[in-house]
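The values are calculated or read from the model by the stated rules, or taken from the named source; none is laboratory data. Predicted model only: the values in this text are computed from it and were never measured. Ideal geometry is used to build each Cβ from the backbone, glycine not excepted, and the neighbour counts take in all protein chains shown. Heads up: the accessible areas ignore ligands, DNA and RNA and are worked out on the full protein's heavy atoms, side chains in. Shrake-Rupley method; radii C 1.70, N 1.55, O 1.52, S 1.80 Å.
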Amino acid sequence: MPSHESLDRLQITMNLYQKINFAKKGCKKLLAILLDPDKLDLEGLSSLIPKINQSPATHLFVGGSSFEGHHLDNIIKALKHATDLPIVLFPGNPTQISGEADGILFLQLLSGRNPDYLIELQINAVPILEKTTLEIISTGYILIESGCETAVERVSRTTPLDRNNSEYVAQTAKAGELIGNKLIYLEAGSGAQKAVPLEMIAAVTGRISVPVIVGGGIRSKEAIEEAFAAGAAMVVIGTAFENNINFFDE
């Protein structure tokens, strides 16, 4: 069995995706804080960064359903200067791509049938991505019904999948894996009333071999642990931290 030192050296040489996959195989819990650049400015970061550094977060996701600003590069530069966490873009469209980040979830909205979010936006992103050194991680994105209309549903003009049909969601996730997605992201949506059902997380993780990310509607530490217990390789906290920067202190 390899020593802790040799495992540490191995992880240093891994890229972002390899580390996520390594953590999944070792049952290490990964936690991402999602920051919406539309709701951030450089002044506001000064109060957020100490809380981020004190939290158990392993990754920072930056992105949202829409973005109207021009300060994304500066926000990411400030985050990189103040934290050692890897910064991964979680873009709603190509305007949210910044070469300052470490990587990008290259999203394909598997739950919808809007061609813009299946392939058109990805094509438009190619000339931008080719000018960066971002690690590009193909990610199947599945929106789950959560009790209210979320920003993702509104912007993408797609209908989320039925939260009571775990079999169909697991089948969709498997199709994404077979297509070549390296991650599957189960999303209830920003401000969701209900999180992704635990039995659905279990059904998906039992059906596929790639890591599963779960986000949306998770508002407590207990809910985070329950998502991990159901099989999530990574849990994403966005609105709960956005509304209460002391979330991880309480």
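Among the lysines, select those whose C-alpha is under 19 Å from the C-alpha of LYS25, and discard any that sit fewer than 8 residues away in the same chain.
LYS174, LYS182
Would you work out which of THR158, ALA23, VAL236 lies farthest towards the positive end of the dipole of the chain, given +1 charges on the beta-carbon of Lys and Arg and -1 on that of Asp and Glu, about the Cα centre?
ALA23
Modelled label-to-label distance, ILE123 and GLU135, 7 Å Cα→beta-carbon offset: nm?
Taking the simple label geometry, ILE123 and GLU135 are separated by 3.0 nm.
Mind checking the per residue accessible area of region 21-147 for me, 1.4 Å probe, whole number of Å²? Spell out each step's value before the answer.
On the way: 5820 Å² over 127 residues.
That works out to 46 Å² per residue.
Based on the Cα atoms of the chain, what semi-axes does the equivalent ellipsoid have, where each is the square root of 5 times one gyration tensor eigenvalue, given in whole Å with the largest first? Display every interim value, and only then the final one.
Numbers: eigenvalues 115, 99, 79 Å².
Listed largest to smallest, the semi-axes of the chain are 24, 22, 20 Å.
For region 135-173 and region 63-125, what is the separation of their Cα centres, given in Å?
If we compute the Cα centre of each part, the gap is 18 Å.
At 0.692 mPa s and 37 °C, plugging the Kirkwood radius over alpha-carbon pairs of region 143-234 into Stokes-Einstein gives what diffusion coefficient in µm²/s? Walk me through the numbers before you get to the answer.
Working: Rh = 13.0 Å.
The calculation lands on 252 µm²/s.
Per residue, how much accessible area does region 171-250 have with a 1.4 Å probe, in Å²? Kindly include the intermediate steps, with their values, before the conclusion.
On the way: 3180 Å² over 80 residues.
With all protein chains present, region 171-250 gives 40 Å² per residue.
Using Cα positions and a limit of under 18 Å, work out the aspartates and glutamates in reach of LYS131, with same-chain residues fewer than 8 apart set aside.
Partners within reach: ASP73, GLU100, ASP102.
What Kirkwood Rh does region 127-195 have if only Cα atoms enter the pairwise 1/r average? Answer in Å.
On the way: mean 1/r = 0.0747 Å⁻¹.
After inverting the pairwise mean of 1/r, the radius is 13.4 Å.
Give me the dipole magnitude in Debye, nearest 20, for region 149-250 about the Cα centre, with unit charges on the beta carbon: positive for Lys and Arg, negative for Asp and Glu. Walk me through the numbers on the way to the answer.
Details: 9 positive and 13 negative charges, 72 e Å.
The calculated dipole for region 149-250 is roughly 340 debye.
Which order do the peptides 21-33, 185-197 take when ranked by the mean count of other beta-carbon atoms within 10 Å per residue, highest first? Don't skip to the answer; put the middle values down first.
Values: 21-33: 16.2, 185-197: 22.5.
For the peptides 21-33, 185-197, the packing ranking is 185-197, 21-33.
Evaluated at 10 °C with a viscosity of 1.306 mPa s, what Stokes-Einstein diffusion coefficient in µm²/s does region 206-250 have when Rh comes from the Kirkwood expression over alpha-carbon pairs? Walk me through the intermediate numbers first.
On the way: Rh = 11.3 Å.
Estimated diffusion coefficient is 141 µm²/s.
Would you work out the charge dipole size for the chain about its Cα centre, treating the Cβ of every Lys and Arg as +1 and the Cβ of every Asp and Glu as -1, and quote it to the nearest 20 debye?
On the way: 21 positive and 29 negative charges, 125 e Å.
Value, rounded to 20: 600 debye.
Note down, for region 12-62, the three equivalent ellipsoid semi-axes (square root of 5 times each alpha carbon gyration tensor eigenvalue), biggest first, whole angstrom.
Numbers: eigenvalues 138, 27, 17 Å².
Its equivalent ellipsoid spans semi-axes of 26, 12, 9 Å.
What part of the accessible area of the chain, given as a whole %, is carbon or sulfur when the probe is 1.4 angstrom? Write down the numbers at each step before the final one.
Numbers: 6270 of 11980 Å².
Answer for the chain: carbon and sulfur cover 52 percent of the accessible area.
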